[in-house]
Amino acid sequence: LFINQFEIKTKYEKCLDRTINNFKREILVHFSIYNKSGEQLYGNVVQVNFTVQTNDVNAIIRNNFPLIAESVADNLPKQKRIN
């Protein structure tokens with residue numbers, strides 16, 4: 001599993017409360033899965049949205065990265081059963 005691109009964007013057009021500058025943010029994680037021969041088996045992007053109520057990096061990680069990991073896991077292709 002390779003993380004190809006990781007972005008955190010503030011979505012200024014998605015204003016929740018302009019008086020306190022409360023905007024939506026999104027985290028985008030682009031990932032790929034390769035086999036041992038280097039052949040790409042799968043790729044996708046997951047998105048998690050949150051608000052700009054905090055700029056504390058540790059709080060952002062604590063509150064959002066478990067959701068990112070869960071989203072990546074949910075987006076992985078199902079393993080084929082070999083009989």
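The values are calculated or read from the model by the stated rules, or taken from the named source; none is laboratory data. Everything quoted here is computed from the prediction, not taken from an experiment. Positions of Cβ are generated from backbone atoms using ideal geometry, with glycine treated the same way; all protein chains shown enter the neighbour counts. Heads up: the accessible areas ignore ligands, DNA and RNA and are worked out on the full protein's heavy atoms, side chains in. Shrake-Rupley method; radii C 1.70, N 1.55, O 1.52, S 1.80 Å.
Given the condition at pLDDT below 90, of a type in the set (Val, Ile, Thr), open to solvent by 50 Å² or more (accessible area, probe 1.4 Å) and within 30 Å of LYS78 (Cβ to Cβ), answer yes or no: does some residue in segment 3-13 qualify?
yes
For residues that are touching a residue at least 12 places away in the same chain (Cβ under 8 Å) and of a type in the set (Lys, Arg), scanning just segment 22-67, find the one that is nearest to PHE2 (Cα to Cα).
Going through the qualifying residues, I end up with ARG25.
Among the residues in segment 55-76, are any open to solvent by 90 Å² or more (accessible area, probe 1.4 Å), at pLDDT below 90, of a type outside the set (S, T, N, Q) and not in a helix (DSSP H, G or I)?
There is no residue in segment 55-76 that is open to solvent by 90 Å² or more (accessible area, probe 1.4 Å), at pLDDT below 90, of a type outside the set (S, T, N, Q) and not in a helix (DSSP H, G or I).
Report yes if GLN40 is modelled with pLDDT of 85 or more, over 15 Å from ILE8 (Cα atoms) and either within 13 Å of the chain's Cα centre (by Cα) or open to solvent by 50 Å² or more (accessible area, probe 1.4 Å) (or both), otherwise no.
yes
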